[in-house]
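Please read the structure below before turning to the comments.
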Amino acid sequence: MQKPILSKAAIWNMSVGFLGIQAGFALQNANASRILQIFGADTHHLGLFWLVAPITGMIVQPIIGYYSDRTWTKMGRRKPFFLAGAILASIGLMLMPNAGIFISVLPALWVGAGMLMIMDVSFNISMEPFRALVADKLDTTQRTAGYAIQTVLIGLGAVVGSWLPALLGPGITTKEVFPSFFENIFGQQLFPGLGMETVSASGGVPQNVLWAFLSGAVLLLATILWTIVTTKEYSPEEISTFDDGDHGHGSLEKTNFLSSIFSDMVQMPKAMKQLGLVQFCSWFALFGMWVYTTPAIAEHIYGLAPNDTQSPEFQTAGNKVGVLFGIYNLVSAIYAFALPMLAKKLKRKYTHALSLLAGGIGLISVYFISDPDLLVYSMIGVGIAWASILSMPYAMLAGSIPPLKMGIYMGIFNFFITIPQIVNGLFGGILLTTLYNGHSIYALVTAGILMIIGAIASMRVEDVDDITV
């Protein structure tokens, strides 16, 4: 039988937790490089620290997917993993910027890197079951809309996380977010700040960043609890009775984890293999953007020397990157509303291709900009790509996966996200030294080129479930 058609409110409720997850993830993305550099990390080694994220994702997500497929508790099937991940991630968010307090035991850089690892493991524990929950709960006719709504909440959460340091500090001026003529409408100050210090007198992590991470931890826990309370999951027995156009129900045979994942990888659907190349290009590009945007803008736009991490201008550049990351996430949240309509008109793979093209152009354009206020235009393209990356590949994939194995296949699909990041982390520093001559801006140009290649690859995907949405 068909799965029940859910109300829009129910679809929103099941993804509210992703708002908090992404707020924490955005705080990490926009500030981890800055924090690690404050604690003593060299620019050339940043990629190695960031390897923690994809390595833990590659290990954790398939395991979580495997066991969440086979778990049923009084709380539900996926929800226990949401809660466990949220608690651990909150601890990491509170401790990472405060790593200096452990300096009597371990170097602050080691502690900061350790907290980065805890956050990455925790985010992965929560994220994979959220992806599977949408596929579990929604009929195939609602999935594109479901992932689009999830993308909206991801975008809104990331805006909050990216802008929190600026909102707690000097605030955000209108021209940092919009073209200058909008000052006549909104005034010079778009959002007033709380005035917390943005440069620490001791050379440590500024007060506004410390409180932003604490606020992110509270938001993460609150939103996860919202989803847990408002969403009821289908039992595995109920899921086995649904026939909503998925290609094969599969079975949860009693095998160990390694045997199961190897068997499922061998039987990987064709669409999943084709999406692998698209994902490789997209996530290689995103990893390069997250790691190198702060040093690239500090050097290329603000004129600082590489590894100048103690000057006030470096903190200004760091705060600017947080605002810019908020802009691309705001764009992604808005653009996500249009994705179901565009997918209906153009097909999902062509919608994704156009979106990645916009992202590639946006990243490359940073090289040609000297005025930091013009970077908002680059972020529009990045935001369009980000919205599509968070939804279209999953919408294209879900219809080709057996419903009872949704968790494990979503975990395996994460390999196509983590492997390119690992490759970038291992070789990004080498490229920075040998090919880019130490200039981080070229890492962003390379990211743009890879995103355009991903757009071309997207047009070749056989989307077997591309129905009217």
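The values are calculated or read from the model by the stated rules, or taken from the named source; none is laboratory data. Being a predicted model, the structure only gives us computed values, none of them experimental. When we count neighbours, we look across all protein chains shown, and the Cβ atoms used for this are built from the backbone with ideal geometry, even at glycine.
Taking first residues from the stretch 89-114 that are at positive phi and of a type in the set (S, T, N, Q) and partners that are part of a helix (DSSP H, G or I) and surrounded by 16 or more Cβ atoms within 10 Å (Cβ to Cβ), no Cβ contact under 6 Å between residues at least 6 apart in sequence or on separate chains turns up.
Looking only at the stretch 215-239, which residues are hydroxyl-bearing (Ser, Thr, Tyr) and assigned to a helix (DSSP H, G or I)? Lay out the reasoning, then the answer.
Of the residues in the stretch 215-239, the ones hydroxyl-bearing (Ser, Thr, Tyr) are 215, 223, 227, 230-231, 234-235.
Within the stretch 215-239, 215, 223, 227, 230 meet the criteria.
With respect to residue 334, determine if the residue is buried (at least 20 other Cβ atoms within 10 Å of the Cβ), at pLDDT 90 or above, under 29 Å from residue 8 (Cα atoms) and of a type outside the set (Phe, Trp, Tyr).
On the way: buried (at least 20 other Cβ atoms within 10 Å of the Cβ): no; at pLDDT 90 or above: yes; under 29 Å from residue 8 (Cα atoms): yes; of a type outside the set (Phe, Trp, Tyr): yes.
Spelling it out, it is not the case that residue 334 is buried (at least 20 other Cβ atoms within 10 Å of the Cβ), at pLDDT 90 or above, under 29 Å from residue 8 (Cα atoms) and of a type outside the set (Phe, Trp, Tyr).
Under the condition of being surrounded by fewer than 18 Cβ atoms within 10 Å (Cβ to Cβ) and either of a type in the set (Gly, Ala, Ser) or within 19 Å of residue 231 (Cβ to Cβ) (or both), the residues counted in the stretch 42-82 number 4.
Mind telling me which of the residues 26, 32 ends up being part of a helix (DSSP H, G or I), out of contact with any Leu (no Cβ under 7 Å at 6 or more places or on another chain) and touching a residue at least 24 places away in the same chain (Cβ under 8 Å)? Spell out how you get there, then give the answer.
Numbers: 32 fails: out of contact with any Leu (no Cβ under 7 Å at 6 or more places or on another chain).
The match here is 26.
The residues in the stretch 337-348 that are surrounded by fewer than 24 Cβ atoms within 10 Å (Cβ to Cβ), touching a residue at least 60 places away in the same chain (Cβ under 8 Å) and part of a helix (DSSP H, G or I) can be counted, and the count is 3. A Cβ distance below 6 Å, combined with a sequence gap of six or more or placement on separate chains, defines the contacts here; from the stretch 359-384, residues that are touching a residue at least 24 places away in the same chain (Cβ under 8 Å) reach residues that are part of a helix (DSSP H, G or I) and aromatic (Phe, Trp, Tyr) in the pairs 379/328; 382/328; 383/328; 384/335.
Annotation note: of 174, 198, the sole residue that is over 30 Å from residue 411 (Cβ atoms), crowded, with 18+ Cβ neighbours inside 10 Å, out of contact with any Lys or Arg (no Cβ under 9 Å at 6 or more places or on another chain) and free of Cβ contacts under 8 Å to residues at least 24 places away in the same chain is 174. Scanning the stretch 57-71 for residues that are touching a residue at least 40 places away in the same chain (Cβ under 8 Å), over 19 Å from the mean Cα position of the chain (by Cα) and part of a loop (DSSP other than H, G, I, E, B) turns up at least one hit.
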